[in-house]
Amino acid sequence: MQRFLITEAAKHIGEKVKVCGWVNAKRAHGKILFIDLRDISGIIQVVFVPSNKEIYNLAQELKPEWVVEINGQIVKRPTQMVNDKIETGQVELSVDSLKILSQSETLPFSIDDVGYEIGEDIRMKYRYLDLRRERLKNNLITRHKIIKFVRDFLDKEGFIEIETPILTKSTPEGARDYIVPSRQHPGKFYALPQSPQQYKQLLMVAGLEKYFQVAKCLRDEDPRGDRQPEFTQLDMEMSFVQQEDVMDLTERLLILMIKNLFPEKKIQEIPFPRISYEEAMKKYKTDRPDLRKDKNDKNLLAFCWVIDFPFFKTGSDELGYPDGKWKPTHNPFSAPKPEFMEDLLNQKNIGKILTTQYDVVMNGFEIGGGSIRNHKREALEAVFEIIGYKKEFIEEKFGHMLNAFSFGAPPHGGIAWGLDRVVSLLLNEPNIREVIAFPKTGDGRDFMMSAPSEIDKNQLNELHIKISEQNQNKDKKKSQKTHKLKVVKKEKSKKSKK
């Protein structure tokens with residue numbers, strides 16, 4: 001017999017069906033035994049009666065989270081037993097056969113509640129159990145729906161989804177790279193991409209014109225609140241566009257997505273207000289202003305665009321940039337506003353040059369940003385020289401981009417959304433870990449897989465890598481210190497309970 005999902009099976013009143021899932025709860029009313037059976041679609045009440053002795057006795061053994069296969073008949077519940085709180089509450093399953101597919105030990109924590117109160121270390125260690133929560137299951141389903149909506153929208157707009165490499169070259173882009181040693185080329189390394197920035201621009205040079213990707217980005221950053229070492233961007237790039245074109249497309253996509261997937265939410269103002277960086281800093285003291293008229297309304301969304309950013313700033317400490325005077329406020333690939341191009345090329349009035357960067361902000365959070373790019377070699381070279389790079393270094397690190405721009409590069413621009421952040425904000429979640437299937441902890445660890453971990457000496461030898469004893473001792477001391485802190489916390493917890 002073909003298996004039905006529970007919510008589909010519930011529609012076949014009077015028919016025999018097969019369902020599979022987890023025992024969500026078990027209870028007895030007199031001699032009648034009930035279990036709530038759960039699968040990805042929902043929950044259904046299953047009824048075992050003593051007259052079917054063999055199955056009834058087997059059902060007595062069932063415990064929460066055991067996995068079972070059940071054949072039976074969908075019947076209407078008695079009127080007084082209807083449960084309006086669940087989708088299948090009008091019916092129940094009368095059992096003909098029961099098969100136990102898998103047993104479960106007692107779970108390390110309850111999955112019946114939202115789970116916010118449980119420590120991050122244990123939630124991450126047993127993430128596959130944590131994901132059984134209704135809240136987290138629905139978060140991942142909603143994330144899927146958002147990505148599907150975006151894909152369908154961009155497909156209709158003529159975009160092509162293209163994957164870009166994960167193994168790439170280390171170039172300074174404002175954060176530390178994760179590096180990957182090459183076994184076949186001893187002493188040389190790949191880098192994992194901080195973003196697909198250079199590849200998407202090269203796709204424009206290739207003539208693809210409209211690109212998008214749901215892209216993994218990896219940055220070896222110090223712990224900073226709501227950040228992850230790996231995160232997901234919705235990445236877009238277009239040829240022959242101006243700032244207005246990119247902003248218009250982004251705005252239309254956000255409005256339609258919210259209208260279709262989050263009808264309960266209200267967008268405060270359409271079209272989105274536009275605020276210059278200077279005005280935002282003067283009026284709101286931030287370049288991510290929260291414009292909501294009622295900040296207690298969780299379903300109110302206040303979007304705005306922040307534009308006219310300074311191209312360069314001083315006193316920045318971003319990694320990967322030299323210790324010169326100027327650093328880019330966003331990234332070095334942006335173009336200046338047209339009226340400032342001459343100053344850029346002549347490297348004059350640098351502090352007054354404005355860029356074509358545009359950030360989209362929602363309820364006080366930057367959810368996306370982009371710019372029109374420099375598509376001419378001399379303009380990109382000027383940016384790198386202002387930052388303080390020597391010509392030899394520019395050629396070594398960015399020669400591939402400069403060469404590409406010498407073969408007929410179209411004007412182009414784009415934007416990237418922080419997809420994890422967009423999803424978490426729309427779901428009113430406190431951080432992005434709640435909408436990522438297998439996130440890292442705040443300090444970049446994976447308790448479930450015990451990563452990062454040590455590598456076998458044979459692997460290190462193959463890669464021509466040697467770990468210094470000094471670093472090994474540091475790691476051991478750090479591990480011992482962490483262990484001691486956990487022991488102290490446990491002891492304090494025991495004392496407080498007493």
Accessible surface of F109 - all protein chains present, 1.4 Å probe, nearest 10 Å²: 20 Å²
How much accessible surface area, in Å² rounded to 10, belongs to the heavy atoms of M81 with a 1.4 Å probe? 70 Å²
Kindly identify the stretch 95-167 as rounded, prolate or oblate by the Cα gyration tensor criterion: order the square roots of the eigenvalues as a ≥ b ≥ c, call it rounded if a/c is under 1.5, otherwise compare a/b with b/c, prolate if a/b is larger, else oblate. prolate
Specify whether the C-alpha gyration tensor of the stretch 138-294 places it in the rounded, prolate or oblate class, a ≥ b ≥ c being the square roots of the eigenvalues: rounded for a/c under 1.5, otherwise prolate if a/b is larger than b/c and oblate if not. prolate
Counting only protein heavy atoms, what percent of the accessible surface of the chain is carbon or sulfur at a 1.4 Å probe? 51 percent
Taking the Cα centre of the stretch 32-158 as origin, work out the dipole magnitude from +1 charges on Lys and Arg Cβ and -1 charges on Asp and Glu Cβ, in debye rounded to 20. 280 debye
In deg cm²/dmol and to the nearest 500, what is the mean residue ellipticity at 222 nm of the chain if only DSSP H runs of at least 4 residues count, each as -39500 (n - 2.57), divided by the residue total? -9500 deg cm²/dmol
Cβ-based charge dipole, the stretch 265-354, positive-most Cα from I307, P271, P332: P271
Protein chains only, probe 1.4 Å: how do T164, T250 rank by accessible area, largest first? T164, T250
If I take every Cα pair under 8 Å that is 6 or more residues apart in the stretch 67-130, average their sequence separation and divide by the length, what percent do I get for the relative contact order? 33 percent
A student applying the Cα gyration tensor rule (rounded when a/c is under 1.5; otherwise prolate if a/b is larger than b/c, oblate if not) would label the stretch 219-375 prolate
For the stretch 324-461, size of Cβ-based charge dipole, Lys and Arg +1, Asp and Glu -1, in debye: 300 debye
Net charge around R77, counting only other residues with Cβ within less than 12 Å of its Cβ (Lys, Arg = +1; Asp, Glu = -1)? -1
Cα-Cα over 20 Å: which of K148/K295; K53/K99; K210/K313? K148/K295; K210/K313
Which distance in Å, rounded to a whole number, links the C-alpha centroids of the stretch 409-455 and the stretch 212-240? 8 Å
Using the charge dipole of the chain (Lys, Arg: +1 at Cβ; Asp, Glu: -1 at Cβ; taken about the Cα centre), state which of M236, V150, A25 has its Cα farthest towards the positive end. A25
Ignoring ligands and nucleic acids, E342 exposes an accessible area, probe 1.4 Å, in Å² to the nearest 10, of 130 Å²
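The values are calculated or read from the model by the stated rules, or taken from the named source; none is laboratory data. Not measured: the values here are computed from a predicted model. Every residue, glycine among them, receives a Cβ derived from its backbone with ideal geometry; neighbour counts consider all protein chains shown. Keep in mind that these areas ignore ligands, DNA and RNA; they rest on the heavy atoms of the full protein, side chains included. Shrake-Rupley method; radii C 1.70, N 1.55, O 1.52, S 1.80 Å.
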